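The values are calculated or read from the model by the stated rules, or taken from the named source; none is laboratory data. Note that the structure is a prediction, hence the values are computed from the model and not measured. Glycine also receives a Cβ, built like all others from the backbone with ideal geometry; neighbour counts cover every protein chain displayed.
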Amino acid sequence: MRIWLIGMYGAVATTAIVGAKALEHGITPDTGLVSSLPQFKKLNEILPLEFEFGGHEVRSLSFNAYQAALEHWNLNHHYDFSILEAVKEDIISLHAEKGTAINCGSGISEFEHIETLESSGYSLQEIVDKILSDMKHFKNDDTVVMNVASTEPTLQLNLEYHYTIDGFERMIDEDRKEYATASMLYAYAALKLGIPYGNFTPSCGSSIPALKKLAIQNGVPHAGNDGKTGETLVKTILAPMFAYRHLKVLGWAGFNILGDYDGRVLHHNDNKESKIKSKDKVIRKILGYNLYTITEIRFFPSLVDNKMALNLIHFEGFLGGRMKIQFTWDAIDAIVAAPLVLDIARFLAFAKRKGLTGVIKELAFFFKSPLDTEVYNTHQQFEILNEWYWNTLKHSEHVENNE
Ligand code: NAI
């Protein structure tokens, strides 16, 4: 299958590219890949672990994918160097296309070596045409676009331009750049071309009403938002425990510190806001009541991609006894994220093959802010994913047998 990565030279994207090629060569086990679990093994027949990549970038466009991966490796040493060398020939000729960073916030504008279509003087229509042409050139029947670009600021929905397909296209036509963000333009192009779209970031992407309608109209599956890889994964596994045992959570504080490009971008308040919202709301959704929470993200350069999340949970039990749990998540962000990027892409390509359209809410398991569902409990989400996969498979086998 083919994966088009928005943010192709980032830590998550390059780790996904290197990991996918290493899997293809059989030089790394499939640890961390949910879609390789025994219950999904038929997926290997439908969509073997063979990937081709392309993508958009706005930084270091003179690089190739190997140089981009090497840049992150030099900072993080996040896997054995021999793996990068073993896949070098596969990725050295891969180059990202120039993309757009329209309204992507102050975090992005501070990058060195940034080049965007808008800085070359393109109108919205020209930006969209260029993105459409890049994706069209790359796509085959099993292509998925994955957004792994830096997090954008929160979007205020506009009644005129964000609710209908006509309105959205009028925004492009009238060059109303102030209402567009990069992630929605990439998502529009993907859905317009019938390519499934997965949003690994909290940016709006395909989640605005106009684009949800476009996905239905064009018969394309999509899913998001914001990959659930670390602290929030633990939160959404732990919070149900308090609910099951009728323990009252009084307060939950989480402090995240990370370096790298992602940390630099999230240090900016405008870019950070959407991420904090995404991480913070899950506890209330699972527990069903209001409680005092702190969710903070700070830049800590020396950690590079080794994100640490320190959590304190204060809770009350029988007879009003007050107790605490503390946990520290200390993981390499790209290592926990990269396999999920491949997983989401595989499940979306599977959904497309099986004729499913619109938001695939059963992929909620992979996201912090899942679209079109109120199920935030990771255990329940995993059951839903299993059931959806088997029902979809059984249904299509039934149809094939009756044809
Ligand atoms: P990164 O900063 O290393 O990579 C992002 C890449 O996107 C950079 O190379 C940047 O130049 C590029 N970019 C930024 N705006 C762009 C645009 N408009 N068009 C094309 N390219 C653009 O970040 P990392 O660590 O790879 O994370 C990627 C995204 O995934 C971030 O939004 C992050 O918040 C999100 N995410 C990451 C998780 C994890 O690493 N465990 C978990 C959940 C979400």
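Here is how the numbers come out for the structure above:
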| read-out | value |
| --- | --- |
| Residue selected from the range 364-386 under the condition touching a residue at least 24 places away in the same chain (Cβ under 8 Å) and among the charged types (D, E, K, R), by the criterion surrounded by the fewest Cβ atoms within 10 Å (Cβ to Cβ) | Glu374 |
| Tally of residues being basic (Lys, Arg) and not in a helix (DSSP H, G or I) across the range 212-233 | 1 |
| Some residue of the range 179-197 being out of contact with any strand residue (DSSP E or B) (no Cβ under 8 Å at 6 or more places or on another chain), farther than 30 Å from Ala351 by Cα and either at pLDDT 95 or above or not basic (Lys, Arg) (or both) | yes |
| Any hit, the range 64-74, residues being within 10 Å of the ligand (Cβ to nearest atom), at pLDDT below 95, within 19 Å of Asp333 (Cβ to Cβ) and assigned to a helix (DSSP H, G or I) | no |
| The range 151-188 - residue that is more than 12 Å from the ligand (Cβ to nearest atom) and buried (at least 24 other Cβ atoms within 10 Å of the Cβ) and, of those, nearest to Ala11 (Cα to Cα) | Tyr188 |
| Residue check, Asp343 buried (at least 17 other Cβ atoms within 10 Å of the Cβ), closer than 28 Å to Thr14 by Cβ, touching a Gly at 6+ places or on another chain (Cβ under 8 Å) and of a type in the set (Asp, Glu) | no |
| Residue tally, condition under 19 Å from Leu61 (Cα atoms) and in contact (Cβ under 8 Å) with a residue 40 or more places away in the chain, over the range 133-145 | 3 |
| Condition broken by Asn256, with the remaining ones in (1) within 14 Å of the ligand (Cβ to nearest atom); (2) outside any helix (DSSP H, G or I); (3) within 18 Å of the chain's Cα centre (by Cα) satisfied | (3) |
| Residue within the range 293-305 that is among the β-branched types (Val, Ile, Thr) and at pLDDT 95 or above present | no |
| Per-region count, the range 1-15, residues under 28 Å from Gly263 (Cα atoms) and more than 9 Å from the ligand (Cβ to nearest atom) | 2 |
| Qualifying residue in the range 120-133 (condition: crowded, with 22+ Cβ neighbours inside 10 Å and within 13 Å of the ligand (Cβ to nearest atom)) | yes |
| Residue ID - modelled with the highest pLDDT, chosen from residues in the range 83-107 that are over 21 Å from Gly54 (Cβ atoms) and near the ligand (Cβ under 10 Å from one of its atoms) | Asn103 |
| Total residues in the range 108-119, condition under 21 Å from Thr154 (Cβ atoms) and more than 8 Å from the ligand (Cβ to nearest atom) | 3 |
| Residues (within 16 Å of the ligand (Cβ to nearest atom) and either in contact with a strand residue (DSSP E or B) (Cβ under 6 Å, 6 or more places away or on another chain) or within 15 Å of Pro339 (Cβ to Cβ) (or both)) located in the range 32-59 | Gly32, Leu33, Val34, Phe53, Gly54, Gly55, His56, Val58, Arg59 |
